[in-house]
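Student: Handing you this structure, nothing more for now.
The values are calculated or read from the model by the stated rules, or taken from the named source; none is laboratory data. The model shown is predicted, which means the values in this text are computed figures rather than measured ones. We place every Cβ from the backbone using ideal geometry, glycine too, and count neighbours over all the protein chains shown. Surface areas here come from the heavy atoms of the whole protein model, side chains and all, with no ligands, DNA or RNA. Shrake-Rupley method; radii C 1.70, N 1.55, O 1.52, S 1.80 Å.
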Amino acid sequence: MTLFSPVVRRFCSVFLCTVLALCSLLLASPAAHAEGSKELNSSGGGRVFLEWNPTASLGVDLARRTRILVYAQAGETINLGSSVSNSSDSKDIVYSSPSGAQAGVCDVLAGGYGLINTTAKELAGPLPNVGGYTPCVVTATETGVYLIEFHGATGSNPTPQPATAEITAAVPGNTITTWDVTVKNGAVAFAGRVFTPYLSVNMGNSGQSLSSNVYVQTRDGYQYRVDFNGVDPYGFILVANRSGFTLNGKPTFQSLQLADNGATIPAGYKVGNENVTDLNSFHKIFFNPPNPSLPTTAAAPGGSIWLHPPTALPADINNVTFTGQDGTPGQFAPGTGGTFSYNALGAGTVLFALDLNNDGIYGNAKDRVLFGTAEIGTNTLTWDGKDAQGVAASTAATIRVRAELAAGDVHFPYIDGETNLNGLIIERLTFSDANKYTVYWDDTSLSPAVSGSIPLGTQGTSSVGGAHRYPGNYGDNRGIDTWALYPSGRPLFQNLATPGLADVSITKTHSPAVLVPGQPVTYTVTVTNASTLARANGVRVTDNVPAAVTGVTWTCTPTGAAVCALASGSGNTIDTILNLPPSSSATFTVSGTLSSTYASGTISNTASAARGNDTTDPNLSNNTATNVAPIDVADIGVVKTGFMAAAPLSDMTYTLVFTNNGPASATVTRRDTFSNSTFVSASDGGTAPGGAVT
């Protein structure tokens, strides 16, 4: 440890925490105190203890310890203080410079420098402020972002206490009661320089009131104020990022049920796509409004970091199209959905408002609002076919879409915050307008729902008096996501999705009227789309012609704009596809020969037509057609009369009567076999070679 000034300065370490950045004011008062636990506790309620747990984490992403980052210029001093009473590793405050070359430890208890053991010292800040604490002082040798960790002792949760009450010097648990980071240039102190990528804090128990304000700087230059407004979280983590909770790298725009009794984030999910070891990943959480003098970027541990980027205006979108889930452009089956495709001229969050009740208002009643993260170029957004109440959209009219791109998109995944009766207040400070308090959420994936909560807020709700409220312990073991943004104000309106209500029917006839074995047979199969609006593409037509019909060939003849996938074919199995625009049909002519040995009196054949792609068929009773054809078969009978015993060598005469009981006519070869007799004659001139009259 290097001592920069043995009399005035001692080494402290900077508390390591990840917070979002906003503008802050340059303070010129020599007695000014910069930022730390004073800011988190200045609004009353219960005391907010900073977490430093060396082992606990929320999955692989979020350790339950806050890392503090501070921007300082070479030659400025970083004044550090902490209430730590017994850190687990004797490293009460640990710090490192942007390059890592300047690193050190403040042993607060052993050195006596940096100890904040009274509320008065917390409020006063570092000496020479009146009543201030004796700081551990680090003189910055580099310009950039310094990383600071405030270590605590291992143990149980801290004892809850009011934010303004006199602090308890010895606080058990993995928490810090008071802490301070003050950057000075001589006697001038600066606020708005201290931030964290995410905030992990503890209130000691439930039944407390968190009333702090923090400020968020987004990577595209927007600033927000978050007022916790009396939330009762116990211990929780607050993140500010662009994508909320993601599943396999894709934003869900939903809250999340945690696994393992709230200990971890489920497999496949992350808190955004960010890497917490990369200081550029999350938005930045500040404890004061970000100082406007902050540079756009600065050196930091691990490389460069953005601090105060220019504000990017929302871009536009164009080339919006819709394809149903079966692949039909501009059409969906009611009860199902499809995919929107669009071109984004800039990055941001896209909003698609579907006017499902066709009243010309976007985002009221059952209207669905879809969100997606847009990158420059072609993007897609999926709709599951449901309305804002989670019910399959029943609209029978073309859906008009209001599509818009937004910038300043920020999510606030609020993890394991038990109770929020008052709701959060989230204010956009950049481009202040009538919608600056508007927030959104979707808790429909959380089960069970609880009385007193509103599971879906995607139509936008003002948070001016608190929004996204939920009752006791609803947020326990859950990640509650609330988000905000700045829409472009240049929406694109377009008729995109037509409901596919198409009555597809099929008929089947035969000719001739009575079939004759050994003779030709023709079937006529007609498939029709009766809808005047919806296309029935991809209609599958099947017909298994009986094996008794041989030499089968078929042709398909479309009418109107219908399309036959195959114009002709052969074989007894017909399995092909039709595309049927509104009010069109196609006719199959099936030809073959009925087997000459077919002996039944009828022959049955069934053809069917399935629904089209991205359609709902309101009448399924006419999607099959069975044809029963009569067969021309004769019923031949014979009766022998007059036959009796006769004397040897005498003539005997008998009569054969042949009958046809139908239904078909028949040509009959009459034949009678005899023995021990000699043929004399037959009335029709028949002959009897070989003992048989023919």
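Student: Taking the solvent-accessible surface of protein heavy atoms with a 1.4 Å probe, what is the per residue accessible area of the chain in Å²? Present the calculation step by step, with values, prior to reporting the outcome.
Tutor: Numbers: 27930 Å² over 694 residues.
Computed with neighbouring chains in place, this is 40 Å² per residue.
Student: Roughly how many percent of the accessible protein surface of the chain is carbon and sulfur, given a 1.4 Å probe and a whole-percent answer?
Tutor: Percent of accessible area from carbon and sulfur atoms in the chain: 53.
Student: To continue, here is another question. Can you tell me the order of 613-624, 329-340 when each peptide is scored by its average per-residue count of other Cβ atoms within 10 angstrom, highest first?
Tutor: 329-340, 613-624
Student: Keeping all protein chains in the complex and leaving out DNA, RNA and ligands, what accessible area do you get for K91 with a 1.4 Å probe, in Å² to the nearest 10?
Tutor: Its accessible surface works out to 100 Å², give or take rounding.
Student: May I pose another question? Taking R0 as 22 Å, what FRET efficiency do you get between N473 and D260 from their Cβ-Cβ distance, rounded to the nearest 0.05? If you can, show how the numbers build up before the last one.
Tutor: Details: r = 17 Å, r/R0 = 0.79.
Once rounded, the FRET efficiency stands at 0.80.
Student: Can you give the extra length, in nm with one decimal, that the chain gains between A666 and T55 once fully stretched, where that is 0.36 nm per residue apart less the Cα-Cα distance?
Tutor: 210.1 nm
Student: Additional query: Quick one: compute the contact order of the chain, relative version, from alpha carbon pairs under 8 angstrom and 6+ residues apart, as a percent.
Tutor: Dividing the mean separation by the residue count of the chain yields 11 percent.
Student: Taking a 1.4 Å probe, which of F412, F679 shows the most accessible area, and what order do the others take after it?
Tutor: Heavy-atom accessible area, descending, gives F679, F412.
Student: Loop by DSSP (not H, G, I, E, B), at most 14 other beta-carbon atoms within 10 Å: where is the longest site-free stretch of the chain for GluC sites (Glu not before Pro)? Don't skip to the answer; put the middle values down first.
Tutor: Details: sites that count: E166, E375.
It runs 376-694.
Student: Moving to a separate point now. Taking 45 Å as R0, compute the FRET efficiency from the Cβ-Cβ separation of A187 and T444 and round it to 0.05. Intermediate values should be presented prior to the final figure.
Tutor: Values: r = 55 Å, r/R0 = 1.22.
After rounding to 0.05, the efficiency reads 0.25.
Student: Now a separate question. If a paramagnetic tag sat 7 Å from the Cα of T164 along the Cα-Cβ line, which residues of segment 36-53 would have the backbone N under 16 Å from that point?
Tutor: Taking a point 7 Å out along Cα→Cβ of T164, the residues of segment 36-53 whose backbone N falls under 16 Å are 38-48.
Student: First check a/c for segment 610-694, with a ≥ b ≥ c the square roots of the eigenvalues of its C-alpha gyration tensor; if it is under 1.5, answer rounded, and if not, answer prolate when a/b is larger than b/c or oblate otherwise.
Tutor: Prolate, since a/c reaches 1.5 and a/b exceeds b/c.
Student: If each residue of separation counts as 0.36 nm, what is the full-extension length gain between A547 and V638 once their alpha-carbon separation is subtracted? Show your work: numbers first, answer last.
Tutor: Working: separation 91, 0.36 × 91 = 32.76 nm, distance 3.26 nm.
So the chain would gain 29.5 nm between A547 and V638.
Student: So, one more: Just one of (1) 44, 32, 25; (2) 89, 25, 20; (3) 49, 39, 27 is semi-axes √(5λ) of the Cα gyration tensor in Å as worked out from the coordinates here. Which one is it?
Tutor: (2)
Student: On to the next question. Using a/c under 1.5 as the rounded threshold, could you call segment 254-403 rounded, prolate or oblate? The axes a ≥ b ≥ c are square roots of the C-alpha gyration tensor eigenvalues, and prolate needs a/b larger than b/c, oblate otherwise.
Tutor: prolate
Student: In the chain, what % of DSSP beta bridges are antiparallel (nearest 5)?
Tutor: Bridges in the chain that DSSP calls antiparallel: roughly 95 percent.
Student: List, in order, the whole-Hz ³J(HN,Hα) value for each residue of segment 632-642 obtained from phi through the Karplus relation with A = 6.51, B = -1.76, C = 1.60 and θ = phi - 60°; use x for Gly and Pro.
Tutor: For segment 632-642, the Karplus curve yields 7, 10, 8, 10, 8, x, 9, 10, 9, 10, x Hz.
Student: Please list, in chain and number order, the residues 5+ apart from L356 or on another chain whose amide H is under 5 Å from its amide H, with Hs placed from the backbone.
Tutor: D367, R368
Student: Assign one of three labels to segment 395-502, namely rounded, prolate or oblate, based on the Cα gyration tensor with a ≥ b ≥ c the square roots of its eigenvalues; rounded applies when a/c is under 1.5, prolate when it is not and a/b is larger than b/c, and oblate otherwise. It would help to have the intermediate numbers written out before the result.
Tutor: Details: a/c = 2.70, a/b = 1.36, b/c = 1.99.
It is oblate, given that a/c is not under 1.5 and a/b is not larger than b/c.
Student: So if each residue of separation counts as 0.36 nm, and I subtract the Cα-Cα distance between S451 and T602, what length gain in nm does that give?
Tutor: Values: separation 151, 0.36 × 151 = 54.36 nm, distance 6.58 nm.
That pair, S451 and T602, stretches by 47.8 nm at full extension.
Student: Right, next: For the chain, how many pairs of lysine residues have a Cα-Cα distance under 30 Å, where the two are 8 or more positions apart or belong to different chains?
Tutor: The result is 23.
Student: Taking all protein chains together and a probe of 1.4 Å, list S432, S212 from the most accessible to the least accessible.
Tutor: Sorted by accessible area, descending: S432, S212.
Student: For an R0 of 60 angstrom, estimate the FRET efficiency from the Cβ-Cβ distance between S621 and A101 and round to the nearest 0.05.
Tutor: Here the calculated transfer efficiency is 0.15.
Student: Per-residue counts of other Cβ atoms within 10 Å, averaged by peptide: what ranking do you get for 69-75, 388-394, highest first?
Tutor: Highest to lowest by the protection proxy: 69-75, 388-394.
Student: Name the residues whose placed amide hydrogens come within less than 5 Å of the amide hydrogen of G538, ignoring near sequence neighbours (fewer than 5 apart) on the same chain.
Tutor: L578, N579, L580, N613
Student: Explain nothing, just compute: Karplus ³J(HN,Hα) = 6.51 cos²θ - 1.76 cosθ + 1.60, θ = phi - 60°, for every residue of segment 321-333 in order, whole Hz, x for Gly and Pro.
Tutor: Residue by residue, segment 321-333 yields 9, 9, 10, x, 5, 8, x, 8, x, x, 9, 9, 7 Hz.
Student: Would you tell me the accessible area of F643, worked out with a 1.4 angstrom probe on the heavy atoms of the protein chains, in Å² to the nearest 10?
Tutor: For F643, the solvent-accessible surface is approximately 120 Å².
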